[in-house]
Amino acid sequence: MTTTLELLGLGYWSSGLPGVDAAGDFLRDGREPEACPRRPAPDLLAANERRRAPDTVALALEVAMQACRDAGADPARLPSVFASTHGELSITDFMGRTLAESPGDVSPTKFHNSVHNAAAGYWTIGAGCMAPATALSAFEATLAEGLLEAAAQVAAGEGPVLLVAYDAASTGPLASVSASEGLLGAAFVLGAAGSGGRALAIAPGAGEATPATGALARRHAGNAMAPVLPLVEALLGEEPATLALPAGPGRVLTVSVGARA
Amino acid sequence: MLNKTHAPVVRTWTATSAAGHGRQALNDALAARRSGLRRNDFAPFDGLPCHIGRVDGVEDAHLPAALADWDCRNNRLAWLGLQADGLLEAVARLAAEVGRDRVAIVIGTSTSSIGATEEAYARLEDGRFPADLDRPRIHTPHSLGGFLQAALDLHGPCVTVATACSSSAKVFAQAARLMAAGFADAAVVGGIDTLCGSVLYGFNSLGLVSEAPCRPFDAGRNGLSLGEAAGYALLTRDGDGPRLLGWGESSDAHHMSSPHPEGLGARLAMQGALDRAGVDASQVDYINLHGTATPKNDEIEAGAVAALFGPDTWASSTKGWTGHTLGAAGILESVIALEALTGGLVPGTLNAQTLDPACGPQLRTGNGRRDCRHVMNNSFGFGGNNCSLLFGLT
């Protein structure tokens, strides 16, 4: 079965390519901005919070805000789905080291930032949003499961819905088992068919994922959220495209992107 | 309002916690008002003076050889939980009935198998994970969902929901949506969380852990007792059983680890569940509250319940039996509410002697019996993430 959605807004940030336009320039002619901050500084957070926020929180809030602006949507009103393979790996590394060495040094802030829904929490607080927010994970199928949940919310009449997909760099001993490099995030405001956006049809089924061969996909292949890159590439293009996202063992989520509206 | 014929049927359910393995043991403990809390003996973190709701037998719940790559304490508890109340067999029957690729797994956890990651850091060899723990799939949140997908051999959508302490309440809502949208015809929902250093020392750092067994809604309460649990329910479109009539999800938009001062998010979640079900607050017979026994949560939840419900609704927290099982609290306490709905035993609030003045007439300390038609479960988590579920007989 196929479910049709529409893309109303897109946000993007990756290490070295801080935005949708930068990603588009890179895809078109390989051009990269001369300077790019190590991580984004979303203005949704107060200055002191912005400095202390974990990378994944800064990243997720930045792309979420971009997508809302692009869609002309009020962030305070959108239900949201936060999809991250690993969450904040630097905090997992911190907790592991601290618990092994001196458990009493676990700090309240590190602890509440360690939850997988930390970005969702900061987003709803920053945006003053009392709508539902969720946070999920599913190995390489994380994006596909996020799309399914967002599509199910839209189908239930809850839309438009904000979907945010992101992962950050791994660090310490953890990096040998949970590999992930740099920062990579994308956000999508998704509405029902007839909302005036670009068509996005999704269909779960059996199959093998499309190999990620695009320039953006190759550039950030080391990030755990790399499965989002072929979708971003398709959305940066003008033409219709179909791709199969990994959706678990032997399963794919086929996404058909319509021509740019 | 949800059309009741489309509200998912809860076909079977089970829970394994410090209050016992499976429904019978849980009901026995509830009826006998026998707490499962014990003095902290969870090595190597047993230096923290507190009480814990530890599940007996987790260490001995060895996984079958084919699942050995998934071995860790959290997945052992998940496996132990599958053995109770014929859940494994019920899943197999369901898969035969609707097809393996039409059954979704939507499973909740707060910390998944981070206990294995903690152990690896305690046993680093030349700065690397020791060989027996050098298994990427158990050091990430989806360790739990991935394990269940392998253990149950289901091929539908499979996702781990991790919204802290609301996780395994939200799985009911997400599964119902997946079914309504046609992405699945049935779902295994539930949640598993195990004790680990991160939560023991994390909650301790927030000053939220009580040294004595937790006393939810008691005027003198001084914090929570942490626990662990595994629980599951099977949702289908048709069949016999109570139905998930409504759910309400909301965000506090207030603070990462402290509830909204007026309980706005909690009220939105409860009202949302009632509205979706088309059920009036006066029709709710029992609410299993979040009731963690932290000073703030209980004061605010009690106020929100008193504002929304009349004196004929009974409400209690069962965390005095099990401890706060975090990402498993939603399923464990939904199971308790479903048992009240179908069996009539409505548990009170263990360890509460003198109720907080914020409590309305709904809050009950003693057990009681009543024929319930509608029961609710509240689960509220860090990040201001709230979920209320409404189950009913139709």
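The values are calculated or read from the model by the stated rules, or taken from the named source; none is laboratory data. In this text, all values refer to a predicted model and were calculated from it rather than measured experimentally. Here the Cβ is made from the backbone with ideal geometry for all residues, glycine too, and neighbour counts use every protein chain on show.
Listed values, structure above:
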item: Where a residue in region B:48-75 is under 21 Å from B:Arg137 (Cα atoms) and its partner, wherever it lies, is part of a loop (DSSP other than H, G, I, E, B) and basic (Lys, Arg), with Cβ under 7 Å and at least six apart; result: B:Asp69/B:Arg135
item: All positions within region A:151-169 that are more than 10 Å from chain B (Cβ to nearest Cβ) and at pLDDT 95 or above; result: A:Pro160, A:Val161, A:Leu162, A:Leu163, A:Val164, A:Ala165, A:Tyr166, A:Asp167, A:Ala168, A:Ala169
item: Out of A:Glu238, A:Glu208, A:Glu233, sole residue that is among the acidic types (Asp, Glu) and under 20 Å from the mean Cα position of the chain (by Cα); result: A:Glu233
item: Residues that are small (Gly, Ala, Ser) and at pLDDT 95 or above, drawn from region A:194-204; result: A:Gly197, A:Ala199, A:Ala201, A:Ala203
item: Tabulated pairs, region B:120-140, first free of Cβ contacts under 8 Å to residues at least 60 places away in the same chain, second basic (Lys, Arg) and assigned to a loop (DSSP other than H, G, I, E, B), C-beta under 6 angstrom, 6+ apart or interchain; result: B:Pro130/B:Arg123
item: Any hit, region A:223-231, residues being in contact (Cβ under 8 Å) with a residue 24 or more places away in the chain and assigned to a strand (DSSP E or B); result: no
item: Close pairs (7 angstrom Cβ cut-off, 6 or more residues apart or separate chains): over 12 Å from B:Leu244 (Cα atoms) and free of Cβ contacts under 8 Å to residues at least 24 places away in the same chain in region B:170-195, assigned to a loop (DSSP other than H, G, I, E, B) and of a type in the set (Val, Ile, Thr) anywhere; result: none
item: Members of region A:216-261 found to be away from every other protein chain (no Cβ under 14 Å), of a type in the set (Gly, Ala, Ser) and either crowded, with 18+ Cβ neighbours inside 10 Å or within 15 Å of A:Asp25 (Cα to Cα) (or both), listed by number; result: A:Ala217, A:Ala226, A:Ala234, A:Gly237, A:Ala244
item: Which listed residue is within 14 Å of another protein chain (Cβ to nearest Cβ) and either over 15 Å from the mean Cα position of the chain (by Cα) or farther than 30 Å from A:Phe82 by Cβ (or both), from B:Gly360, B:Gly348, B:Gly384; result: B:Gly384
item: Yes/no for A:Gly182 being modelled with pLDDT of 95 or more and either more than 7 Å from chain B (Cβ to nearest Cβ) or over 16 Å from A:Val232 (Cα atoms) (or both); result: yes
item: Selection from region A:189-215 of residues that are surrounded by 20 or more Cβ atoms within 10 Å (Cβ to Cβ), away from chain B (no Cβ under 14 Å) and not in a loop (DSSP other than H, G, I, E, B); result: A:Val189, A:Gly191, A:Leu200
item: Hits in region A:123-150 - residues which are more than 23 Å from B:Ile105 (Cα to Cα), at the interface with chain B (Cβ under 7 Å from one of its Cβ atoms) and not polar (S, T, N, Q); result: A:Ile125, A:Gly128, A:Cys129, A:Met130, A:Ala131
item: Those residues of region B:3-49 which are part of a strand (DSSP E or B), in contact with a Ser or Thr (Cβ under 7 Å, 6 or more places away or on another chain) and buried (at least 21 other Cβ atoms within 10 Å of the Cβ), in sequence order; result: B:Ser17
item: Hits in region B:245-278 (condition: surrounded by fewer than 20 Cβ atoms within 10 Å (Cβ to Cβ) and touching a helix residue (DSSP H, G or I) at 6+ places or on another chain (Cβ under 9 Å)); result: B:His254, B:His255, B:Ser258, B:Pro261, B:Glu262, B:Gln271, B:Gly278
item: Residue in region B:185-208 that is part of a helix (DSSP H, G or I) and more than 10 Å from chain A (Cβ to nearest Cβ) present; result: no
item: Residue in region A:32-50 that is within 26 Å of A:Gly214 (Cα to Cα) and in contact with an Asp or Glu (Cβ under 7 Å, 6 or more places away or on another chain) present; result: yes
item: Some residue of region A:127-140 being small (Gly, Ala, Ser), crowded, with 24+ Cβ neighbours inside 10 Å, in contact with an Asp or Glu (Cβ under 8 Å, 6 or more places away or on another chain) and not in a strand (DSSP E or B); result: no
item: Helices (runs of 4 or more DSSP H) enclosed by region A:1-120 - at least 2 residues per element that are buried (at least 18 other Cβ atoms within 10 Å of the Cβ), touching a strand residue (DSSP E or B) at 6+ places or on another chain (Cβ under 7 Å) and within 14 Å of chain B (Cβ to nearest Cβ); result: A:55-71
item: Among the candidates B:Trp79, B:Trp70, residue that is within 18 Å of the chain's Cα centre (by Cα), among the aromatic types (Phe, Trp, Tyr) and within 21 Å of B:Ala328 (Cα to Cα); result: B:Trp79
